[in-house]
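S.K.: The structure that follows is given in the form of structure tokens.
The values are calculated or read from the model by the stated rules, or taken from the named source; none is laboratory data. The structure presented is a predicted model; accordingly, all values stated were derived computationally and were not measured. Cβ placement follows ideal geometry from the backbone for every residue including glycine, while neighbour counts extend to all protein chains displayed.
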Amino acid sequence: MSDTVVTHSGHVAPEVFTQAQLDWLPWLQPPAEESLSAEQQDALIDRARAKSAYFRLLASDPAILKARTLTDKDIFYNSDAGLPRAERELAAAAVSRFNGCIYCASVHARFSATYSKRGEDIERLLAEGVTVELDARWKAIVAASVALTETPVAFGQDEIAALRAAGLDDLAISDAIHAAAFFNWANRLMLTLGEPALPSAG
Amino acid sequence: MSIKIDVIDQLVGIVPGSSLDLIRRRRGQARDNAQASFDALFAPATPGEVSRIERLAVAAFVAGLTGEPATASFYLAETARLGAATGEAVGRELAQGRTKGPYGRYPDGPLSHETVAGPVYEPDAAAREALGTRLAAAFRHAHLLVLHPRDAAPADLQALLDAGWTTPSIVTLSQIIAFVSFQSRVVAGLIALNATAAEPRSEEAAHV
């Protein structure tokens with residue numbers, strides 16, 4: 001049997017960036033949960049991810065999924081100093097807003113709002129985009145994330161100087177670079193393998 | 001203990017014991033698994049349906065479009081080492097495909113004023129001849145994801161299926177494109193940081 005593209009109907013696509021919980025619908029058929037091999041289950045790292053169509057689809061190539069997941073977790077969850085979690089998530093949300101990944105932006109806007117308790121600033125970032133007026137520190141993090149996301153990459157000494165001026169030490173700057181760079185990985189997977197949808201009522 | 005090459009260190013020019021080396025080792029799991037990701041994509045234990053030269057050629061095209069010079073040179077040299085003609089074809093397609101991103105459409109509605117127009121790259125007859133149908137289709141997809149990822153649609157996956165790609169190999173291809181997008185930016189960011197790293201390098205490092 002040859003592989004086919006999966007199309008969806010009857011769902012409502014989000015037409016704005018939102019902090020609301022969204023669904024994600026795959027355009028290729030992910031392996032069924034029951035059919036995952038031991039290697040594929042191991043690559044998910046978190047067992048709960050077997051419920052996610054996105055992670056099951058990525059489990060089609062388990063070696064890269066496993067390494068990617070472990071990279072992701074350390075960049076965002078390693079709490080040994082550096083950039084606070086809220087601002088790593090801010091970088092992720094800013095990159096997703098700039099690339100146009102409505103699903104990724106929703107997840108990481110929520111995380112940033114939760115950890116920073118600055119839901120209104122996050123809402124304005126989603127509504128107005130990456131040139132939104134923010135305090136100096138968040139502006140520097142958003143601008144650096146955007147410069148790193150541009151193609152060709154436009155990140156250089158100006159961004160480093162602005163991040164230092166905003167109070168980031170070198171470990172925190174490295175964290176911001178990694179968080180922004182990682183969402184240039186994540187956005188491209190989410191945007192090409194499926195689409196966001198508003199949760200169905202009921 | 002064998003000395004394991006770390007590609008990001010190599011591309012950035014990170015000296016053992018330097019402040020940037022120590023910073024990367026504070027995030028040891030991320031450092032090790034960025035390298036493990038590279039290994040999984042470019043030296044896979046089971047090659048699967050995507051050949052090594054296909055993997056490297058796509059990476060060279062992605063890195064060349066992304067424009068971080070060290071990463072671009074690295075993948076182009078690795079590709080040319082395996083196939084000089086393929087390396088030349090990558091160079092030709094880069095000249096055709098280079099542009100500024102991200103651009104792309106938003107659906108009709110409040111975001112439609114944020115739509116940014118930009119070119120759609122289609123490999124021409126010479127590219128299809130040099131790369132083959134399958135790799136030419138991969139380049140088309142790579143250009144889409146590098147420069148205007150929000151334009152990606154089911155029809156683009158259908159085009160890959162039509163060119164001989166399967167569901168698992170499309171996942172691998174997408175990971176290659178997305179990983180090199182990440183890696184190029186880590187390298188660009190760390191080169192900028194390394195140029196002005198705050199702390200002096202250790203005496204010991206100077207003798208390595």
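S.K.: Looking at (1) more than 21 Å from A:Asn78 (Cα to Cα); (2) within 14 Å of another protein chain (Cβ to nearest Cβ); (3) touching a residue at least 60 places away in the same chain (Cβ under 8 Å), which is the one condition that is false for B:Gly13?
M.R.: Only one criterion in (1) more than 21 Å from A:Asn78 (Cα to Cα); (2) within 14 Å of another protein chain (Cβ to nearest Cβ); (3) touching a residue at least 60 places away in the same chain (Cβ under 8 Å) is unmet by B:Gly13, namely (2).
S.K.: For B:Leu111, all conditions in the list (1) surrounded by fewer than 21 Cβ atoms within 10 Å (Cβ to Cβ); (2) more than 8 Å from chain A (Cβ to nearest Cβ) hold save one; what is the number of the exception?
M.R.: (2)
S.K.: Which residue out of A:Ser2, A:Ser9 is at pLDDT below 95, at the interface with another protein chain (Cβ under 10 Å from one of its Cβ atoms) and part of a loop (DSSP other than H, G, I, E, B)?
M.R.: It is A:Ser2.
S.K.: Working only within the stretch A:12-48, note down all residues that are at pLDDT 95 or above, among the charged types (D, E, K, R) and out of contact with any Leu (no Cβ under 8 Å at 6 or more places or on another chain).
M.R.: A:Glu33, A:Glu34, A:Glu39, A:Asp42
S.K.: Next up: Give the residues of the stretch B:138-182 that are within 8 Å of chain A (Cβ to nearest Cβ), in contact (Cβ under 8 Å) with a residue 12 or more places away in the chain and small (Gly, Ala, Ser), sorted by residue number.
M.R.: Selection gives B:Ser174, B:Ala178, B:Ser181.
S.K.: Kindly list the number of the only condition in (1) away from chain A (no Cβ under 11 Å); (2) surrounded by fewer than 23 Cβ atoms within 10 Å (Cβ to Cβ); (3) touching a residue at least 24 places away in the same chain (Cβ under 8 Å); (4) of a type in the set (Gly, Ala, Ser) that fails for B:Gly48.
M.R.: So B:Gly48 meets the others, but not (1).
Rundown of residues vs (1) within 17 Å of B:Ser51 (Cβ to Cβ); (2) not in a helix (DSSP H, G or I), yes/no style:
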{"site": "B:Ala85", "(1), (2)": "yes, no"}
{"site": "B:Gly91", "(1), (2)": "no, no"}
{"site": "B:Pro107", "(1), (2)": "no, yes"}
{"site": "B:Val146", "(1), (2)": "no, no"}
{"site": "B:Thr172", "(1), (2)": "yes, no"}
{"site": "B:Gly189", "(1), (2)": "no, no"}
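S.K.: So, one more: Report, by residue number, each residue of the stretch B:183-194 that is within 7 Å of another protein chain (Cβ to nearest Cβ) and of a type outside the set (Val, Ile, Thr).
M.R.: Residues satisfying the conditions are B:Ser184, B:Arg185, B:Ala188, B:Gly189, B:Leu190, B:Ala192, B:Leu193.
S.K.: Go through the residues of the stretch A:95-108 one by one and say whether even a single one is more than 30 Å from B:Ser169 (Cβ to Cβ), under 12 Å from the mean Cα position of the chain (by Cα) and of a type in the set (D, E, K, R).
M.R.: yes
S.K.: Now for a separate question. Within the stretch A:145-187, how many residues turn out to be under 13 Å from B:Phe182 (Cβ atoms) and touching a residue at least 60 places away in the same chain (Cβ under 8 Å)?
M.R.: 9
S.K.: So which residues in the stretch B:71-109 are over 23 Å from A:Asn184 (Cβ atoms) and in contact (Cβ under 8 Å) with a residue 12 or more places away in the chain?
M.R.: Within the stretch B:71-109, B:Leu82, B:Gly83, B:Ala85, B:Thr86, B:Gly87, B:Glu88, B:Ala89, B:Gly91, B:Arg92 qualify.
S.K.: Scan A:Ala86, A:Ala81, A:Ala143 and give me the residue that is over 30 Å from B:Trp165 (Cα atoms) and under 16 Å from the mean Cα position of the chain (by Cα).
M.R.: Only one candidate passes the filter, namely A:Ala86.
S.K.: Further, regarding this structure: Does A:Ala94 satisfy being modelled with pLDDT of 95 or more and either on the phi > 0 side of the Ramachandran plot or within 11 Å of chain B (Cβ to nearest Cβ) (or both)?
M.R.: For A:Ala94, the condition - modelled with pLDDT of 95 or more and either on the phi > 0 side of the Ramachandran plot or within 11 Å of chain B (Cβ to nearest Cβ) (or both) - is not met.
S.K.: Looking only at residues that are part of a loop (DSSP other than H, G, I, E, B) and out of contact with any Gly (no Cβ under 6 Å at 6 or more places or on another chain) in the stretch B:93-105, which one is surrounded by the most Cβ atoms within 10 Å (Cβ to Cβ)?
M.R.: Ranking the candidates gives B:Pro102 first.
S.K.: Could you tell me whether B:Leu161 is in a helix (DSSP H, G or I) and touching a helix residue (DSSP H, G or I) at 6+ places or on another chain (Cβ under 7 Å)?
M.R.: no
Here's the yes/no breakdown for (1) surrounded by 24 or more Cβ atoms within 10 Å (Cβ to Cβ); (2) of a type in the set (A, V, I, L, M); (3) modelled with pLDDT of 95 or more:
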site	(1), (2), (3)
A:Ala144	yes, yes, yes
A:Ala162	no, yes, yes
A:Ala166	no, yes, yes
A:Asp175	yes, no, yes
A:His178	yes, no, yes
A:Arg188	yes, no, yes
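S.K.: Also: Of the conditions (1) closer than 19 Å to B:Thr71 by Cβ; (2) of a type in the set (Val, Ile, Thr); (3) assigned to a helix (DSSP H, G or I), A:Thr192 satisfies every one except a single condition; which number is it?
M.R.: For A:Thr192, the failing item is (1).
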